[in-house]
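Here's the structure we're looking at; comments come further down.
Taken together, the values in this text are just the output of simple stated rules run on the coordinates, not laboratory data. Note that the structure is predicted; figures quoted are calculated from it, not measured. Here the Cβ positions follow ideal geometry from the backbone for every residue, glycine too, while neighbour counts run over all protein chains shown.
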Amino acid sequence: MLTNETRNHDFPTLSEMTYLNTAAEGIPPRAVAEAIQRYIDDKQQGMDGREAHFAQWEAAKTLVGQFYGLSAAEVSICSCSSEAFNLAALALRLREEDEVVINDLDFPAGATPWLQAGSTAEVKIWKNREGALRLEDLKGLIGAKTRLVTVSLVSFFNGFMLQLPEVIAAVRKHSPALVAVDVTQALGRIPLDLAGADLIVSSTHKWILATHGGGLVGVPAHREDQWTVPAGGWFNLDDAFGPARFERAVSRAGAASFTVGMPNFPAVYAIRAALDYIQSVGVEAIDRAARPLVLACLEELTTLPVDLLTPNEPDHVAGILAFRHPHAEAIHQCLQSKQIHVMSHAGRLRVAFHGYNTMADVERFVGELRVALRVVG
């Protein structure tokens with residue numbers, strides 16, 4: 001991942017393009033494809049294959065726990081981050097007198113469950129200022145009625161990175177609220193310090209380089225009571241097939257309650273392989289290699305006629321940069337024609353740098369962006 005040799009071996013498609021869109025879709029290494037084939041091989045054993053399936057399940061949970069700073073017992077895997085947050089909303093059983101704080105840089109998965117008509121709690125919005133979430137603004141929103149503050153460690157929208165320990169400290173000082181953290185745009189890309197987080201969620205098809213179909217959930221043991229999902233199923237229940245199974249359903253506590261039915265084993269195999277791969281390279285090494293690329297690109301963007309959405313604050317930058325332009329779609333098409341892959345949505349262009357990117361990618365992107373800007377006027 002960090003040398004030309006490993007990059008060419010593990011990610012052969014990158015020889016054909018400049019890929020700067022990991023914040024939308026990561027490129028899986030060969031090891032993930034091999035893991036999916038192992039799933040097929042095990043599945044062809046029929047019921048006997050389940051022993052291998054559940055071995056992968058336990059190994060994947062152990063790896064997730066290592067990245068989250070939790071034990072395997074404090075981790076589970078559901079289908080996606082959206083499912084995880086919707087199950088979390090069930091677990092909280094919010095009432096009219098409760099308050100939830102969301103923010104306007106967050107992905108819909110973490111924000112919208114609390115906005116549904118069935119959620120009776122009052123929702124307050126932590127609004128960004130010039131692309132940044134300021135701690136002093138949060139302090140004015142939280143108090144004795146706040147049950148939850150939900151944030152993304154790194155914003156999908158513009159790449160703004162929270163200083164999470166400071167956010168958690170502020171919440172603890174001013175309210176009894178739980179803190180839920182979506183690490184989708186951080187896991188596998190930057191070192192994590194999640195101490196004090198009460199719920200941790202990530203999807204699996206971006207920076208960890210796995211497949212779709214996974215939602216990685218972490219619930220510290222001391223928060224099990226608050227995050228036990230009252231959902232029907234079987235895999236999440238204490239005794240799904242006992243003599244009282246048609247009289248009552250009792251969920252397993254904490255993270256285990258977030259996996260309601262049969263695990264998505266193809267995704268589990270991919271998750272285990274992807275996290276093994278990321279761990280073998282080292283998140284710290286990935287960050288050391290990719291951070292200079294992000295900062296170099298950020299510096300170049302400040303010199304161009306674009307509306308930079310990412311605050312020019314290195315301490316709050318991870319792997320994503322974003323900007324607006326009136327002709328964003330035309331610029332996107334120009335870049336695509338040169339096999340430079342970035343994201344374009346509603347006038348916003350977003351670039352993302354992972355460990356498989358190089359300074360040559362930055363230079364090619366910036367050079368072709370300058371050309372595109374001249375073309376569109």
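Site pair Val375 and Glu247 shows an inter-label distance of 7.2 nm when each label is modelled 7 Å from Cα along Cα→Cβ.
The P(r) of the stretch 1-122 has a tail past 21 Å containing 63 percent of all C-alpha pairs. Each principal axis of the Cα cloud of the chain was taken in turn, and the coordinate range along them, longest first, works out to 72, 56, 32 Å.
Counting neighbouring Cβ atoms within 10 Å and putting the fewest first, the residues Asp315, Asp42 line up as Asp315, Asp42. Neighbour counting of Cβ atoms within 10 Å sorts the residues Asp361, Asp238, fewest neighbours leading, into Asp238, Asp361.
Beta-bridge orientation, the chain: approximately 55 percent antiparallel, per DSSP, counting only bridges with both partners inside. In this structure the amide hydrogen of Val123, modeled in the peptide plane, comes within under 5 Å of the amide hydrogens of Val100, none closer than 5 places in sequence on its chain.
In this structure the amide hydrogen of Asn103, modeled in the peptide plane, comes within under 5 Å of the amide hydrogens of Trp126, none closer than 5 places in sequence on its chain. Can you tell me the 0 to 90 degree angle between the C-alpha axis of helix 265-281 and the longest principal axis of the chain, rounded to 10? For 265-281 against the chain, the angle is about 50 degrees. Counting neighbouring Cβ atoms within 10 Å and putting the fewest first, the residues Trp57, Trp207 line up as Trp57, Trp207.
For the chain, adding -39500 (n - 2.57) for each run of n ≥ 4 DSSP H residues and dividing by the number of residues yields -11500 deg cm²/dmol at 222 nm. Taking amide H as placed 1.01 Å from N in the peptide plane, the amide H of Leu308 sits under 5 Å from that of Arg324, each at least 5 places away or on another chain. Taking the chain as a Gaussian network of alpha-carbon nodes connected by springs under 10 Å, the highest mean-square fluctuation of the residues Arg50, Arg324, Arg272 belongs to Arg50. Within the shell defined by Cβ-Cβ distances under 12 Å, the residues around Leu309 carry a net charge of +1, with Lys and Arg each +1 and Asp and Glu each -1. Relative to the longest principal axis of the chain, what angle (0 to 90°, nearest 10) does the C-alpha long axis of helix 81-92 take? The angle comes out near 40 degrees.
Could you give the angle, 0 to 90 degrees to the nearest 10, between helix 359-376's Cα long axis and the longest principal axis of the Cα atoms of the chain? Result, in degrees: 70.
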